[in-house]
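Every read-out reported here was derived from the displayed coordinates using simple, explicitly stated rules and does not represent laboratory data. Since the structure is predicted, the reported quantities are computational estimates derived from the model, not experimental observations. Note that each Cβ is placed from the backbone with ideal geometry, even for glycine, and that neighbours are counted across all protein chains shown.
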Ligand code: SD4
């Protein structure tokens, strides 16, 4: 049971998320249930300042969340700029399963979530509000590389209290039935313009799964990923014979080639897994990591290779 199953996810907080996913996969459960359960872990983590509750707000003080979910059969659902709901990944799943649509945004997404029985909460923690007030003193918007790494408190990243200004979990799971699924959830870039939507809820950008081929997800500056239909590109490259590793490398190089100057100071990372369970990752900058969990090892963290 669960012997061929595997789950991978972005960054070090992926370890805890993978364990929640593995509780399902290891019992022979479904990939879709596993990625939803996994993604909920950082969504509820108050120390994680850019996924779900505890996430840093936009420029105007609103915590706005983006999430998407997709299965091996092309079913998908997403929410963007959703406020006040702790688990946007679960709302995304409801969009997929209970509506004829793929993506709901803003007030409409909130209205749908409330109709579905999700409760309305204040997601802006006192800590995040304090960081926002600090930021307002300079009101300088500059995403910093690898702010996802849990370095807050050390004064890193040029943000108040060393706060990270973006982090996202992207997760891909292969279950014992050979089915793939993926999930991606984030509060996006801290201090973004109100209404800004990143790559994470855009199917084909922040997440893509094709049951015949594999899946891919991304992290970093979403605008660059959207511009290149990043996760779709990775999956297409795998379809045409690339390994997950080679596909991630080519997708990253596409971004670097188009914007060589900007790429020197921005981070984008891709993580991919094919239907055989082979995994690859590549990033523009050093510092991207991903967590792998299977029957052999439950808490592996791997440093991704990178351009710089
Ligand atoms: C975004 N891609 O909203 C997300 C942010 C992110 O690691 O991944 N941070 O653009």
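Things worth noting here:
- Rounded to 5, percent antiparallel among DSSP beta bridges of the chain: 90 percent
- Listed peptides 72-78, 238-244 appear in the order 72-78, 238-244 once ranked by packing, highest mean of other Cβ atoms within 10 Å at the front.
- Tensor-based shape of region 21-97 (alpha-carbon gyration tensor, a/c under 1.5 rounded, otherwise prolate or oblate): oblate
- Packing-based ranking, highest mean first, of 211-218, 117-124, 25-32 given that Cβ atoms within 10 Å are counted: 211-218, 25-32, 117-124
- Shape category assigned to region 69-125 from the gyration tensor of Cα positions, a/c cut at 1.5: prolate
- Relative contact order [Cα under 8 Å, 6+ residues apart], region 62-101, whole percent: 39 percent
- Per-residue ellipticity at 222 nm computed for the chain from its helices equals -9000 deg cm²/dmol, with DSSP H segments shorter than 4 residues left out and the rest contributing -39,500 (n - 2.57).
- For region 2-146, the gyration tensor built on C-alpha atoms gives an oblate shape. Its axis ratio a/c (a ≥ b ≥ c) is at least 1.5, and a/b is not larger than b/c.
- The distance separating the Cα centre of region 179-199 from that of region 88-143 comes to 10 Å.
- The relative contact order of region 227-308, computed from alpha carbon pairs under 8 Å that lie at least 6 residues apart in sequence, is 24 percent.
- Its relative contact order, with pairs defined as Cα atoms under 8 Å and 6+ residues apart, puts the chain at 23 percent.
- Sorted on the mean count of surrounding Cβ atoms within 10 Å across their residues, most packed first, peptides 175-187, 130-142 read 175-187, 130-142.
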